[in-house]
Amino acid sequence: MRDDIECYWLALAELARNMPFSSIAEVAEILFACHEQDGTVFVLGNGGSAATASHFACDLAKGTQTPGVTPFRVMPLTDNMPLLTAWANDTSYERVFAEQLKTLVRPGDVVLVISVSGNSPNVLHAVDTANAMGAMTIALAGESGGEVGKLAALTLRVPGGSIEQVEDAHSAITHSLCVALRERLRSRAELPQWANSEPFVLELEP
């Protein structure tokens, strides 16, 4: 079994070397812009990706908090089990995320979906709904991108790997996003107070 474990980690290390770092940085900038505009980040996924979505929401909401700086507003659509099961039972599982977004999302918000295959119907409906309502849509997907890669405004494709390794990469992406955003917020908090405020203009009488 040791050989299997070592092989897994070596493959994961190779995957890490080929990650789309520029695209990950672009996602960080989008999330920061959403924060600056007082928007909300919504995250969602199924199965292991649901766990990643909930974990990311926790880290983005708490792990980036900086004294003197407004925290991120973030909401996982995976955690309200009464609401999820109500929509699944009364409408369909394909609509469990889209129906939540219809009542919550606003133009300028970010909807980040996580799907290894990129083909989960409820994820696709969520992206369609978010696009129609003026939100920015981002997908974390596997190598092919699946159907969500055709719908989301920006798709991060993990370049290869097994299902488990793609899920590992998605988790690492979200951790790297939180670290980068936390450092951006901290660097801003360290500026003098006047540098974070509107320019002061002194008007003199002629």
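What follows is calculated from the coordinates using simple rules that are stated; it is not laboratory data. The model shown is predicted, which means the values in this text are computed figures rather than measured ones. Don't worry about glycine lacking a Cβ; one is built from the backbone with ideal geometry, like all the others, and counts go over all protein chains shown.
Could you list, in sequence order, all residues of the stretch 1-42 that are of a type outside the set (A, V, I, L, M, F, W, C) and either touching a helix residue (DSSP H, G or I) at 6+ places or on another chain (Cβ under 8 Å) or not in a helix (DSSP H, G or I) (or both)? Listed by number, the residues that qualify are 8, 18, 20, 35, 37, 38, 39, 40. For the stretch 106-142, a residue qualifies if it is small (Gly, Ala, Ser) and either at positive phi or surrounded by fewer than 17 Cβ atoms within 10 Å (Cβ to Cβ) (or both), and the qualifying residues are 108, 118, 132, 134. Taking the stated definitions as given, is residue 179 in a helix (DSSP H, G or I) and without any contact (Cβ under 8 Å) to a residue 24 or more places away in the chain? Against the criterion (in a helix (DSSP H, G or I) and without any contact (Cβ under 8 Å) to a residue 24 or more places away in the chain), residue 179 qualifies. Cβ separations smaller than 6 Å between residues 6+ apart or across chains give the following pairs from the stretch 65-82 residues that are within 22 Å of residue 100 (Cβ to Cβ) to residues that are assigned to a loop (DSSP other than H, G, I, E, B): 71/65; 72/64; 77/97. Within the stretch 150-170, being of a type in the set (Gly, Ala, Ser), under 15 Å from the mean Cα position of the chain (by Cα) and crowded, with 20+ Cβ neighbours inside 10 Å holds for 152, 169. Based on this model, can you work out whether residue 44 counts as more than 18 Å from residue 189 (Cβ to Cβ) and either surrounded by fewer than 21 Cβ atoms within 10 Å (Cβ to Cβ) or basic (Lys, Arg) (or both)? Here the answer is no, as residue 44 does not meet what is asked.
Note on the stretch 51-74: residues that are within 15 Å of the chain's Cα centre (by Cα) and of a type in the set (Val, Ile, Thr) amount to 3. Checked against the criterion of being more than 30 Å from residue 69 (Cβ to Cβ) and touching an Asp or Glu at 6+ places or on another chain (Cβ under 8 Å), the stretch 140-157 contains one or more residues that satisfy it. Given the structure, is residue 145 more than 20 Å from residue 77 (Cβ to Cβ) and either polar (S, T, N, Q) or surrounded by fewer than 22 Cβ atoms within 10 Å (Cβ to Cβ) (or both)? Spelling it out, residue 145 is indeed more than 20 Å from residue 77 (Cβ to Cβ) and either polar (S, T, N, Q) or surrounded by fewer than 22 Cβ atoms within 10 Å (Cβ to Cβ) (or both). Residues of the stretch 1-60 that are of a type in the set (S, T, N, Q), within 14 Å of residue 170 (Cα to Cα) and touching a Lys or Arg at 6+ places or on another chain (Cβ under 9 Å): 23 alone.
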